[in-house]
Structures are given as structure tokens and as C-alpha cells.
Amino acid sequence: MLEEKTASPDFWSDSQEATRVQREMKSLKDWIEEWQYLHSEINDAVELEEMAREEKDEVALKEIVQSVTVLDSRVKALELRKMLGEPDDEKPAILSIHPGAGGTESQDWSQMLFRMYTRYFERNNMKYTIIDDEPGDEAGIKSVSIEINGEYVFGFLKSEIGVHRLVRISPFDSNARRHTSFAAVGVYPIVEDVEYDLDEKEIKVDTFRASGAGGQHVNKTDSAVRMTHLPTGIVVSCQSQRSQHKNRSSAMKMLKARVYQKYKQDDEEKEASKQGTKLKIEWGSQIRSYFLHPYNLVKDLRTKYETSNAKAVLDGDIEGFIQAYLLSKVEEAGEIT
């Protein structure tokens, strides 16, 4: 059906639809190729295992076990990808982290989250670029925005939207008291120009002098850029580059992603209202708690998924939380339909 569309003489008359069709075709082909590969490899492994057992070849059996372990992880990854069927799931994304009230404590917690996510990106072959960051006054970060590219980036990372809470003995408290810190994580799909564009007349652009810790990164020119989308009031800023042109480009990418997500959410709320249901808004709501004292525990408040291995989670092992979230969404959709 999709291939028939591409063969049509007027296929490119609507570039937006043509791009969507091509992207859908690629996604389906990738899915089919991976399934065919795994199906073939699993059948081969079964046959080799039977032969190895007949010949009592222990070395071959160990090798087969290792290969099956790898295949099992790829099967689980394919099953997880099957849960990602929403239009934006395949898109790259921008992830932002902002500390809550609490000064140094929350800024340090934001830095810990930043490390957790970058380790997760590295573990899953996602390429990331820091497009804006503002260091904290004493430690941690005041804000950071990261562009992430890879397969189904937004689909996986949308599970992280919301407020993350940390409970620990503060390393900044001389009395070693327990502190609670908060940080907000936002994730926005990156939209291409062909899909979505902003009216420049609705954008207010300001330039200002960038600042940095200790003055060593202070720029002597007004290279930092702040953009305000007047209809929604959404504001973004970028000061990580010395070039105003690069900061402007990054700011526009962030603004476009956030406005797109805002309008999309508004549409979903309207549709939910028509159907007499209430949309779950997780942005601004606490979604996960990380306890480092008096015990180790990380618990997702939406899915109830938890683990006592907080160290591994903060080292980027968040796949369990992502899978639990996606499964909960599939179950919710099943109940609705």
C-alpha cells in the first residue's frame, strides 16, 4: 500500500505527506528485517543446541548460551519498540533538566540526573549534544538542554517527563542532615521544518551577554539569545556557544519543539474533554522518588515499579522504568478500547 503511494506520479506534490510515508516505510522495513534476522538466528541456535547436546560438546553449548543471551536482549528490545506506536515516538528529542527550589542541593541533584541520562544514552547508542547549559553557583547545574538522536528517542524518553525527587544525607550540610531535593525533566520531540514551522512575527528575540562560573566563560559580546513565543508565553534561552548564530539556531530548535508539544497537548486535552475523560498531565507532577537514605530505593509513582539498586539507576540503568511505563500505557489503551 505504501509502496504504491511512492510510485504515484504526484507523490511529491505534498512534501509533508511524502516525508511521512517514507518515514513509515523505513520504520516497517527496519522492523521486518530485524524480525526476520532474529527468527533465523533463533532457529539456527535451536538446531545447533540439539547437535551440541547429541555430541556432548560443552564448548559449543557455552557459545550457544552466550549467543542466545544476546538474541534475547534484541528480542526484548524489539518487543519494547512494538509499544511505540504514537506519531512522535520515532523522532529525536530535546531533554531539559531544571532544579527545583533549594539552591545548591537541587542544582547538584540536577547534575546527578544529567549524568544518569547521559550514561543511559551511551548504553543505548544514542548520540547526544549539549545545546545549552548553565552551571550552578557552587555546584551542579541551573539548567541544561540536550539534543538526542537515535531510534525511537522520544518514544523511550517520554517516560521521564515530570518531577524527580531525591532523599539523601546532604554532602553540603556540615550537620549531615537528611535533605529532599527536586528537579523537573522535560522531553520534547524535535520537529522538522517540513512538518511544523513557527511564524517569526509571533517570536520576540532578545540578545544578552552570556555568563559562566568564575567568569572564565563570560562572553564580552551579546551572544546569548532568548526567544519568547508570544501566543503561548513559552520562553527559551541559549548561551552555551560563543556564536550568536549558533545560539539562535539552538534556541529556535528548542522553541519549536516546546511549542509543538504545547499545541499537541492542548489538542489532546480538548479531545479527551469531548470524550468525557481526563488527560493525565505528568509535567509538573512528581513521577519518581530516589531514596539514598535511610535505605536505597528508586520507585516510580505511576507504575509502582521499583528497585533497591539505586546506584545502578543513577549510573543509567533506567530501562526497567521505561519498560514499565510503556507497558502501563499499552494497558491503559487496551482498557479504553
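A few comments on the model shown:
- Taking region 299-323 as the range and being in contact with a helix residue (DSSP H, G or I) (Cβ under 6 Å, 6 or more places away or on another chain) and either in a strand (DSSP E or B) or surrounded by fewer than 17 Cβ atoms within 10 Å (Cβ to Cβ) (or both) as the test, the residues that pass are 300, 315.
- Considering residues of region 102-154 that are among the polar types (S, T, N, Q) and in contact with a strand residue (DSSP E or B) (Cβ under 6 Å, 6 or more places away or on another chain) only, the residue surrounded by the fewest Cβ atoms within 10 Å (Cβ to Cβ): 129
Yes or no, residue by residue, for (1) within 18 Å of residue 315 (Cα to Cα); (2) free of Cβ contacts under 8 Å to residues at least 40 places away in the same chain; (3) under 12 Å from the mean Cα position of the chain (by Cα):
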| site | (1), (2), (3) |
| --- | --- |
| 126 | yes, yes, yes |
| 133 | no, no, no |
| 151 | no, no, yes |
| 165 | yes, no, no |
| 172 | no, no, no |
| 176 | no, yes, no |
| 181 | no, no, no |
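- Some residue of region 39-59 being of a type in the set (Asp, Glu), surrounded by 13 or more Cβ atoms within 10 Å (Cβ to Cβ) and either in the same structural domain as residue 252 (by TED's automatic domain parsing) or under 29 Å from residue 127 (Cβ atoms) (or both): yes
Conditions tested, residue by residue: (1) farther than 27 Å from residue 264 by Cα; (2) basic (Lys, Arg).
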residue	(1), (2)
119	yes, yes
125	yes, no
163	no, no
171	yes, no
196	no, no
202	no, no
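- The single condition among (1) at pLDDT below 95; (2) aromatic (Phe, Trp, Tyr); (3) surrounded by 16 or more Cβ atoms within 10 Å (Cβ to Cβ) that residue 290 does not satisfy is (1).
- When residues in region 150-202 are screened for being among the hydrophobic types (A, V, I, L, M, F, W, C), modelled with pLDDT of 90 or more and farther than 30 Å from residue 87 by Cβ, 4 of them pass.
- Single unsatisfied condition, residue 108 versus (1) within 21 Å of residue 323 (Cα to Cα); (2) at pLDDT 85 or above: (1)
- Selection within region 230-253 - closer than 19 Å to residue 191 by Cβ, buried (at least 18 other Cβ atoms within 10 Å of the Cβ) and in contact with a strand residue (DSSP E or B) (Cβ under 6 Å, 6 or more places away or on another chain): 236, 238, 248, 250, 251
- When region 92-101 is filtered for residues that are among the aliphatic types (A, V, I, L, M) and surrounded by 20 or more Cβ atoms within 10 Å (Cβ to Cβ), the ones remaining, listed by number, are 93, 94, 95, 97.
The values are calculated or read from the model by the stated rules, or taken from the named source; none is laboratory data. In this text the structure is predicted, and so the values were computed from the model without any measurement. Note: ideal-geometry Cβ built from the backbone for every residue, glycine included; neighbour counts use all protein chains shown.
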